[in-house]
Amino acid sequence: GTNEYDLLVVGGGSGGLACAKEAAQFGKKVAVLDYVEPSPQGTKWGLGGTCVNVGCIPKKLMHQAALLGSALKDAQHYGWNITQPVNHTWSVMAQAVQNYVKSLNWGHRVQLQDKKVKYFNMKGSFSDTHTIRGLTKAGKETVVTAENIVIATGGRPKYPKQIAGALEYGITSDDLFWLKESPGKTLTPFVFNVSLECAGFLTGIGLDTTVMMRSIPLRGFDQQMASLVTEHMESYGTKFLKRCSPTKIEQMENNRLQVTWKNTDLGTEETDSFDTVMWAVGRAPDTETLNLKAVGVKTNSETGKIIVDANEATSVPHIYAIGDITEGRPELTPTAIAAGKLLARRLFGHSSELMDYENVPTTVFTPLEYGCVGLSEEAAVQCYGSDNIEVYHAYYKPLEFTVAERDATQCYIKMVCLREGEQRVLGLHFIGPNAGEVIQGFALGIKCGATYPQLMKTIGIHPTCAEEVTKLHITKRSGLDATVTGC
């Protein structure tokens, strides 16, 4: 009658692994069950979840590859003799990135072993509220029982199945990072952050890349910043088809893909051929095989995500959910890790601390990076009213852009504050080099309730881009030119 494990985590991504390892620290008997269903194109990978295998890690490394290409152009202005033409070899980059990812897969397995966490490479489904039935790739069944179960299976990219040929001929980010050969001329329809990030580094390594936008870019982000990001990408060489929606994909005799789309503004039908079409239409929770209904775990009927309370508890006692699979949570690796650790501490470490999802910083790794923390200007207006917020802003030029004569038109900082009282900072938005590094530092201050006067008392490090945040003094309300001149 006793359960085999104190905790069973279903899903071996960032959140699930963090939860399992933290629980093991308390001397509990812990198991992780993880299985990667191959993508429709047959791509599969090892332990570690989306971030490690087909997300943040390979994306940032390929982004770095593109930045190095830009640096080679800049280098000539700084006196370096670069033999022309400079060429990029996809297979060399891909092999190096994939080898690093495989080393992380192995590292995760070793860590679980070191912490005495049992690892099952199986696809799991609920039999009852304390029992998971696991199936190996070969079809061998194992039944695992646990006192507490945490669902952390994350999400997988969606396919627009209503578009003819989408599933047969398209790929997603699940496939792109594991391609052995260059994707060639690439189309990425729909504008989520992953599509812009991928389009950015594909352009950066010299590939003909087109983004198809049906409506607004980077939904959920500050729209002024999103527009600046896409403007820079256009000037950088990425093509944009605006107000266009694909209707079908056909494979031609030469194996290239002919894409047909509708131009909403002109009311016309247009076509072009591509080597690769990469869908980026958002992610769906990976719950299909879990048998959640049978045990009563409630989900949002529209999104399919699991409904949880502040304690990460589902509608069923002793069953919890963390990470991208949960309704209303940011789809970010660090939040899943933090939530997983805190849950383990509440379950086994006599803690009562809940995860705080306010003021979570993030960055979009487009060619010119966009980092932010807190509210967008639109959200601040909605919460407090336009008369009650003050927006300080500046267009600036990174020093490293000057000698290289790089265009800095879209390098921009915006700080959204309450207008009255201490002028608490509600949101900080930064477009420029190393945006993630800049925002990470300021995120602490904003988490601690930083005010505009406090930031103005902060001495900047000269000459850096981050320093410009400490010099913001022009408000949007003033109508004055916000371009920074001189030091």
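The values are calculated or read from the model by the stated rules, or taken from the named source; none is laboratory data. These numbers were taken from a predicted model, which means no experiment stands behind them. A quick note on method: Cβ atoms are made from the backbone with ideal geometry, for glycine too, and the neighbour counts reach across all protein chains shown. Accessible surface is based on the protein model in full, side chains and every heavy atom, while ligands, DNA and RNA are left aside. Shrake-Rupley method; radii C 1.70, N 1.55, O 1.52, S 1.80 Å.
Things worth noting here:
- Rounded to the nearest 20 debye, the dipole magnitude of the chain is 1080 debye, with +1 charges on Lys and Arg beta carbons, -1 on Asp and Glu beta carbons, and the Cα centre as origin.
- For region 56-97, the set of chymotrypsin sites (Phe, Trp or Tyr not before Pro) satisfying both a DSSP loop assignment and a count of at most 11 other C-beta atoms within 10 Å is given as Tyr78, Trp80.
- Applying the criteria of a DSSP loop state and at most 16 other Cβ atoms within 10 Å to the GluC sites (Glu not before Pro) of region 136-186 yields Glu181.
- Cα centroid separation, region 73-144 to region 237-282 (Å): 31
- Furthest towards positive pole of dipole, Trp178, Gly220, Val259, structure part region 160-280, Cβ charges: Gly220
- For region 323-415, taking Cα atoms only, Rg and Dmax work out to 18.7, 58 Å respectively.
- Solvent-free Debye scattering, log10 I(q)/I(0), computed from the Cα coordinates of the chain at q = 0.06 Å⁻¹: -0.31
- Distances between placed amide hydrogens fall under 5 Å for Thr247 paired with Thr260, Trp261, Lys262, all partners being 5 or more residues away or on another chain.
- Considering region 1-130, its Cα convex hull presents a mean projected area of 11.5 nm².
- Loop trypsin sites (Lys or Arg not before Pro), region 104-154, which have at most 15 other Cβ atoms in a 10 Å radius of their Cβ (DSSP): Lys115, Lys116, Lys137, Lys140
- Heavy-atom accessible surface of the chain: percent carbon and sulfur, 1.4 Å: 51
- Region 208-334 - convex hull of alpha carbons, volume per residue in Å³: 174
- Candidate lysines - alpha carbon under 29 Å from Lys293, same-chain residues fewer than 8 apart omitted: Lys21, Lys28, Lys29, Lys44, Lys118, Lys123, Lys137, Lys140, Lys158, Lys161, Lys305, Lys341
- Taking only the alpha carbons of region 368-478, we obtain Rg and Dmax values of 13.7, 43 Å in that order.
- Near Asn148, the amide H atoms lying under 5 Å from its own belong to Leu7, Leu8; only residues 5 or more places off or on other chains count, and H is placed 1.01 Å from N.
- Lys/Arg +1, Asp/Glu -1 at C-beta; the chain dipole; positive extreme among Tyr169, Tyr412, Gly237: Tyr169
- Per-residue HN-Hα couplings for region 166-174 [Karplus 6.51, -1.76, 1.60; θ = phi - 60°; Hz; x = Gly/Pro]: 4, 6, 5, 10, x, 10, 10, 4, 4
- Karplus-based coupling profile of region 255-268, in residue order and whole Hz: 6, 6, 10, 8, 10, 10, 9, 9, 8, 5, 5, 8, x, 10, with θ = phi - 60° in 6.51 cos²θ - 1.76 cosθ + 1.60 and x standing for Gly or Pro.
- Space enclosed by the convex hull of the alpha-carbon atoms of region 160-280, per residue, Å³: 108
- Here the chain carries DSSP beta bridges of which approximately 65% are antiparallel, counting only pairs with both residues inside.
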